[in-house]
Amino acid sequence: MPDLVSGEAFLRLFEDFAHSAFRLEVRTSYGIPDEDEPYRRFLAGEDPGLDWFAPWLDLMRAETRKGKRIERVRVIDTPPSDYLRFELWGTPHNLAAGEDIRYLGRDQAKELDLPDYDFWVFDSRAVARLQFGEHDRFLGVVLSDEPADVLRHVQWREAAWHHAITFEDYERENTPPR
């Protein structure tokens, strides 16, 4: 397996790109150690707080203030998994930090023949394919700047973005009437 980029080197990817970063998220669970306790609190019906989230939100604010676009499409099930409900809880904070997050139903993702793995595309020049280990633990990313590989991921990005809906529309379509 090629070398994994993780930790500070992974976070530097978000400082080094020039214009746009896009992520496709397809997993129903992510095992991120910094989220373990907030996720447990969320599942228990408690407030997860934001201290654990602040470093990411600060980074997103800093980069989007430079005029960079950071976009995501999250593939979501009906009903969403517990972890995806946790992500939905956090989405307004991501949006306030400048990210643009959209939602796409899993059936639609399959119809579009999107991949079954998560990736980032940076400036339509490089792909970072996320790698996970036991218990959904994030291990790092494998980087590629091979033109055919980048093109394939850019095409998936375009298809996903075209069919995804905004967080507000997702909420409106999936919140039961009172």
accessible surface per residue for segment 19-67, probe 1.4 Å, DNA/RNA/ligands not counted, whole Å² -> 54
Can you list the chymotrypsin sites (Phe, Trp or Tyr not before Pro) in segment 62-146 that are in a DSSP coil and have 13 or fewer other beta carbons within 10 angstrom?
-> Y117
So between L13 and D82, what do we pick up on full extension, going 0.36 nm a residue minus the alpha carbon distance?
-> 22.0 nm
Note to self: with every protein chain in place and a 1.4 Å probe, segment 69-166 gives an accessible area per residue in Å² of 48
Convert each backbone phi in segment 4-19 into a coupling constant with the Karplus relation 6.51 cos²θ - 1.76 cosθ + 1.60 (shift: θ = phi - 60°), then list the ³J(HN,Hα) values in order as whole Hz, x for Gly and Pro.
-> 8, 9, 8, x, 4, 5, 5, 4, 5, 4, 7, 8, 8, 6, 9, 10
Probe 1.4 Å - accessible area at K110, Å² to nearest ten = 140
Within the accessible area of segment 85-178, what % is carbon and sulfur when the probe is 1.4 Å and the other protein chains stay in place?
-> 48
Estimated vicinal HN-Hα couplings, Hz - segment 85-98 in sequence order (Karplus 6.51, -1.76, 1.60; Gly, Pro = x) = 5, 4, 5, 4, 4, x, 4, x, 6, 4, 4, 5, 7, x
Computed over all unlike Cα pairs, the Kirkwood hydrodynamic radius of the chain in Å stands at 16.9
Looking at the chain, what % of its DSSP beta bridges pair antiparallel, to the nearest 5?
-> 55
Amide H neighbours of I76 under 5 Å, at least 5 residues apart or on other chains, H built in the peptide plane: list them.
-> L104, G105, R106
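The values are calculated or read from the model by the stated rules, or taken from the named source; none is laboratory data. From a predicted model like this one, the values you see are computed outputs, not experimental measurements. Neighbour counts run over all protein chains shown; Cβ positions are idealised from the backbone, glycine included. What goes into the accessible areas is simple: the full protein's heavy atoms, side chains included, and nothing from ligands, DNA or RNA. Shrake-Rupley method; radii C 1.70, N 1.55, O 1.52, S 1.80 Å.
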